[in-house]
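The values are calculated or read from the model by the stated rules, or taken from the named source; none is laboratory data. Note that the structure is a prediction, hence the values are computed from the model and not measured. Backbone-built Cβ (ideal geometry, glycine too); neighbour counts: all protein chains shown. Note: areas computed on protein heavy atoms with side chains; ligands, DNA, RNA excluded. Shrake-Rupley method; radii C 1.70, N 1.55, O 1.52, S 1.80 Å.
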Amino acid sequence: MAYFLQQIANAVPVAALYAVLAFGYAIAFSVTRRADISYGALFAFAGQMFILFSDIGWNRLWLVLPAALGFGAAMALVYGMGVGLVVGRHVMRPLAFSADNTVVVAALGVVLVLMETARLASDTRSLWLPPLLSQPVELWGDPSFPVTLTVLQMVNSALMVAIVAVGHVYLARSPWGRRWRAVCDDRQAAELCGIDGARVFLTAFALAAFIACVAGILASGYYGNMDFGAGLSFGVKVLFIAAIGGYASPLLSALGGAALGVAETLWNAYGDFLWRDLVIYSALVLLLVVFRRERGIP
């Protein structure tokens, strides 16, 4: 029983990460209904910039560790949001309402550019952060098998859940959220009512990019590293993660992502690791086929 509870506890940070990624992705996707794997690349790029500039702050600027991490986080937000705005304005917005294949090809190009940029900036070195806030917190006091989480796991999970909660309230209550929902429902009808669909998309893409950058910083601080190929793998994974709850509602997408995080962690605990991705992706494809709903794109 204690082992099972430990696996549920281990699933919390993974579920929170998948939930916040699915939430941010659905904000941009709901406007265009075009699959975009560049979102995962923005997430990975921000994490890589966080690690790179933290290393620069520590080894070149001789900053203390908290200041080096703060410097890395600030530069990751600057570079990540800068890339997000450039990609959203000059790549995705001109193609957002065109054929599906153009967005897929452009997104793949963005993924490759960001992956190679991060690799070259790091001189192809795999940089690692030291363990952060790794003190265990006991959640279940079984003498033979205590259930624990680290302080960083708990802080990261709380911050990611807070992002989803605040983002949902903002989308539901704010004037921009009403304009966003109008464009999501019917872009052409919204434009006839005076709403600038292109501007709403750019703002939605910027908000999604901000969420991806914050998630990349938190995930890199937790894992200590962000692989150069993570942009492509997370880009594809986010597509499936958000699809579980349905792309139309960011909150449902977040809940679907959390469910996938729990399922993936439990498979790691009780199943064969080599078969994990095959089983998880096969189940996702089956769910998409069974519950797919056709909807015309305005």
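Observations
- The number of residues in segment 73-89 that are free of Cβ contacts under 8 Å to residues at least 40 places away in the same chain and surrounded by 17 or more Cβ atoms within 10 Å (Cβ to Cβ) comes to 2.
- The condition of being under 17 Å from V14 (Cβ atoms), buried (at least 24 other Cβ atoms within 10 Å of the Cβ) and under 12 Å from the mean Cα position of the chain (by Cα) does not hold for A209.
- Here the condition is being in contact with a strand residue (DSSP E or B) (Cβ under 6 Å, 6 or more places away or on another chain), closer than 22 Å to N225 by Cα and of a type outside the set (S, T, N, Q); of P131, P136, it holds for P136 alone.
- Within segment 135-144, being surrounded by 12 or more Cβ atoms within 10 Å (Cβ to Cβ) and part of a loop (DSSP other than H, G, I, E, B) holds for one residue alone: D142.
- Whenever a residue of segment 234-257 is under 10 Å from F23 (Cβ atoms) and of a type outside the set (G, A, S), its partners that are at pLDDT below 75 and open to solvent by 10 Å² or more (accessible area, probe 1.4 Å), lying with C-beta atoms within less than 7 angstrom and at least six residues away or across chains, give the pairs L252/G245; L252/G246; L255/G245.
- Test: residue in segment 96-111 that is in contact with a Phe, Trp or Tyr (Cβ under 8 Å, 6 or more places away or on another chain), more than 18 Å from G224 (Cα to Cα) and not in a helix (DSSP H, G or I): yes
- Evaluating V151 against the criteria (1) farther than 30 Å from R125 by Cα; (2) surrounded by fewer than 15 Cβ atoms within 10 Å (Cβ to Cβ) leaves one unmet condition, (1).
- Looking across segment 31-88 at every residue that is polar (S, T, N, Q) and closer than 30 Å to G257 by Cβ, the one that is nearest to the chain's Cα centre (by Cα) is identified as S38.
- Residue match in segment 38-51 (condition: open to solvent by 20 Å² or more (accessible area, probe 1.4 Å) and out of contact with any Cys (no Cβ under 8 Å at 6 or more places or on another chain)): no
- Residue within segment 109-128 that is of a type outside the set (S, T, Y), open to solvent by less than 60 Å² (accessible area, probe 1.4 Å) and more than 20 Å from G235 (Cβ to Cβ) present: yes
- Condition met for S157 (loosely packed, with under 13 Cβ neighbours inside 10 Å and of a type in the set (S, T, N, Q)): no
- Of the residues making up segment 170-189, just one is open to solvent by 40 Å² or more (accessible area, probe 1.4 Å) and within 17 Å of F210 (Cα to Cα), namely Y170.
- Of all residues in segment 140-169, those that are farther than 25 Å from A215 by Cα and touching a Leu at 6+ places or on another chain (Cβ under 7 Å) total 2.
- Pair list, Cβ under 7 Å, 6 or more apart: segment 180-200 residue more than 21 Å from H90 (Cβ to Cβ), other residue among the hydroxyl-bearing types (S, T, Y) and surrounded by 15 or more Cβ atoms within 10 Å (Cβ to Cβ): C184/S30
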